[in-house]
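Input: a single structure, listed below in C-alpha cells.
The values are calculated or read from the model by the stated rules, or taken from the named source; none is laboratory data. Nothing here was measured: the structure is a model prediction, and the numbers come from that model. With ideal geometry, Cβ positions are generated from the backbone for all residues, glycine too; neighbour counts draw on all protein chains shown. The area values use the complete protein model at the heavy-atom level, side chains included, leaving out ligands, DNA and RNA. Shrake-Rupley method; radii C 1.70, N 1.55, O 1.52, S 1.80 Å.
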Amino acid sequence: MNQPFDTWQARFETLRSNKFFEAFVIAIIVVSALVIGAKTYEEETSRFEQWLLYLDMGITVFFLVEILIRIAAEGSLVRFFKRGWNIFDFVIVTASLIPMDDSEMVLLARLLRIFRVLRLVSMIPELQMLLSALVKSIPRMGYVVLLMFIIFYIYAAIGSFLFADIDSFLWGNISISMLTLFRIATFEDWTDILYATQEVYAWSWIYYLTFIFLTAFIFLNMMIGIVLDVMQKESAALDLLNNEGEVDETKALRSEVSEMRSQLNRMEAALLGESTDNTHSSVDKPRQD
C-alpha cells in the first residue's frame with residue numbers, strides 16, 4: 001500500500017534536491033523581485049500592466065506548486081514544519097495568494113510580495129549562515145551597545161555643558177547632544193561642528209578625536225569581532241551539516257583509525273589462535289608415539 005507513496009515521495013525528494021531545480025527557483029525569485037520593482041514605474045509600465053499582472057499570477061502559482069513539492073518530499077506536514085525556514089517560505093507563499101485586483105487589499109498584497117525576495121535566504125545556505133550569525137550575535141553585541149550608550153551619555157553631558165552657549169541647536173541639552181554625537185560618529189560634516197567650537201575652545205579637538213577613536217574604531221571593531229566569531233562557528237556548523245570541513249575530516253580519520261585497530265585486533269586474535277593450535281598439536285604427537 002505504501003510503495004506508490006514512497007515512490008512518489010522519492011521522486012519529489014529527487015526533484016527538490018536537484019541543483020537545476022533550485023537554480024530555477026532562485027531565478028523565479030529574482031524575476032519576482034524585478035516585477036515588483038517594475039510596478040513602481042507606473043508611467044513607463046502602464047501599457048504592460050496587464051502582462052505584469054499575468055506574470056505575477058504565474059509566479060504565484062509556481063511558488064505554490066514548489067512549496068507543495070517540498071511538502072510532498074518531506075512526506076508529512078509535521079516534518080516539514082519542524083524547520084523554521086520552511087515555515088517562513090510557507091507564510092510568504094500563502095500570503096502572496098492575496099489577489100492584486102482587489103482595491104482594498106492591493107497595498108497589502110504588494111507589500112507581501114516584496115518579502116518574496118527574502119526567499120533567497122531560505123534557498124541559499126550561505127545566506128542562511130550569514131543571517132543566523134547576525135541574529136545570534138545580537139545578544140553579545142548588547143553589552144557593547146550598552147557600553148557605547150554610556151560613552152555617548154558622558155560625552156553628550158560634557159558637550160552640553162561646554163558647547164551649549166556656542167550652538168544651542170546642536171548642544172542645547174543632553175538628548176540633542178547625543179544626536180549630534182551620532183552625527184559625528186557617522187562622519188556627517190563633523191568638521192563643521194569641530195571648527196565652530198574650536199573658535200572658542202582651541203583644545204576642543206581633543207573632545208572630538210577621543211570620542212571618534214572610541215566609537216568609530218574600538219567599538220566598531222569589537223562588534224565586527226563578535227560577528228566574525230559567530231560567523232566562524234556557524235560556518236563550522238554548516239560544514240558539519242554538509243559533511244565538509246576540518247571537523248568531518250577529523251571524524252573520518254578517527255573512524256579509519258578505529259577500523260584499522262579492529263582489523264589488527266582480529267589479526268592478532270587469529271595469530272594467537274593458530275599458535276595455540278600448533279602448541280596443542282606438538283604436545284599430542286609424542287603421546288601418539
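Identify the single condition in (1) modelled with pLDDT of 75 or more; (2) over 16 Å from the mean Cα position of the chain (by Cα) that ALA236 does not satisfy, given that it satisfies every other one.
Unmet for ALA236, out of (1) modelled with pLDDT of 75 or more; (2) over 16 Å from the mean Cα position of the chain (by Cα): (2).
Specify the residue that is surrounded by the most Cβ atoms within 10 Å (Cβ to Cβ); the eligible residues are those in the range 58-76 that are free of Cβ contacts under 8 Å to residues at least 12 places away in the same chain and aliphatic (A, V, I, L, M).
ILE71
Do we have any residue at all in the range 98-110 that's part of a helix (DSSP H, G or I) and of a type in the set (Ser, Thr, Tyr)?
Kept after step one, since they are part of a helix (DSSP H, G or I), are these residues of the range 98-110: 106-110.
Next, only the ones that are of a type in the set (Ser, Thr, Tyr) stay: none.
No: zero hits.
Inspect all residues belonging to the range 142-154 and state whether any of them is under 23 Å from ILE226 (Cβ atoms), of a type in the set (Ser, Thr, Tyr) and surrounded by 14 or more Cβ atoms within 10 Å (Cβ to Cβ).
Yes, some residue in the range 142-154 is under 23 Å from ILE226 (Cβ atoms), of a type in the set (Ser, Thr, Tyr) and surrounded by 14 or more Cβ atoms within 10 Å (Cβ to Cβ).
What about ALA33, is it within 25 Å of the chain's Cα centre (by Cα), among the aliphatic types (A, V, I, L, M) and over 11 Å from ARG116 (Cβ atoms)?
Details: within 25 Å of the chain's Cα centre (by Cα): yes; among the aliphatic types (A, V, I, L, M): yes; over 11 Å from ARG116 (Cβ atoms): no.
Judged against the criteria, ALA33 is not a match.
Is it the case that the range 158-168 has a residue that's open to solvent by 50 Å² or more (accessible area, probe 1.4 Å), β-branched (Val, Ile, Thr), part of a helix (DSSP H, G or I) and free of Cβ contacts under 8 Å to residues at least 24 places away in the same chain?
No, there is no match, as no residue in the range 158-168 is open to solvent by 50 Å² or more (accessible area, probe 1.4 Å), β-branched (Val, Ile, Thr), part of a helix (DSSP H, G or I) and free of Cβ contacts under 8 Å to residues at least 24 places away in the same chain.
Being of a type in the set (A, V, I, L, M, F, W, C) and without any contact (Cβ under 8 Å) to a residue 40 or more places away in the chain is the filter here; which residues of the range 36-56 pass it?
Taking the range 36-56 as the starting set, the residues that turn out to be of a type in the set (A, V, I, L, M, F, W, C) are 36, 38, 48, 51-53, 55.
Correct list: ALA38, PHE48, TRP51, LEU52, LEU55.
For ARG183, state whether it is touching a residue at least 12 places away in the same chain (Cβ under 8 Å), assigned to a helix (DSSP H, G or I), of a type in the set (D, E, K, R) and open to solvent by 40 Å² or more (accessible area, probe 1.4 Å).
On the way: touching a residue at least 12 places away in the same chain (Cβ under 8 Å): no; assigned to a helix (DSSP H, G or I): yes; of a type in the set (D, E, K, R): yes; open to solvent by 40 Å² or more (accessible area, probe 1.4 Å): yes.
No; evaluated as a whole, the condition is false for this residue.
One line per residue, one yes/no per condition, for (1) part of a helix (DSSP H, G or I); (2) more than 23 Å from the chain's Cα centre (by Cα); (3) at pLDDT below 85:
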position: PHE5; (1), (2), (3): yes, yes, yes
position: PHE12; (1), (2), (3): yes, yes, yes
position: PHE48; (1), (2), (3): yes, yes, yes
position: TYR54; (1), (2), (3): yes, yes, yes
position: ILE59; (1), (2), (3): yes, yes, no
position: ILE67; (1), (2), (3): yes, no, no
position: ARG70; (1), (2), (3): yes, no, no
position: ALA73; (1), (2), (3): yes, yes, yes
position: LYS82; (1), (2), (3): no, no, yes
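Quick one: which residue in MET178, MET148 is in contact (Cβ under 8 Å) with a residue 60 or more places away in the chain, aliphatic (A, V, I, L, M) and under 18 Å from LEU220 (Cα atoms)?
On the way: MET178 fails: in contact (Cβ under 8 Å) with a residue 60 or more places away in the chain.
Testing whether each residue is in contact (Cβ under 8 Å) with a residue 60 or more places away in the chain, aliphatic (A, V, I, L, M) and under 18 Å from LEU220 (Cα atoms) leaves just MET148.
Residues of the range 49-94 being touching a helix residue (DSSP H, G or I) at 6+ places or on another chain (Cβ under 7 Å) and of a type outside the set (A, V, I, L, M, F, W, C), which ones? Don't jump to the end; show me each part of the working.
Let us first name the residues in the range 49-94 that are touching a helix residue (DSSP H, G or I) at 6+ places or on another chain (Cβ under 7 Å), namely 52, 55-56, 59, 62-64, 66-67, 69-75, 77, 80-81, 85-86, 88-90, 92-93.
Passing the criteria: ASP56, GLU66, ARG70, GLU74, GLY75, ASN86, ASP89.
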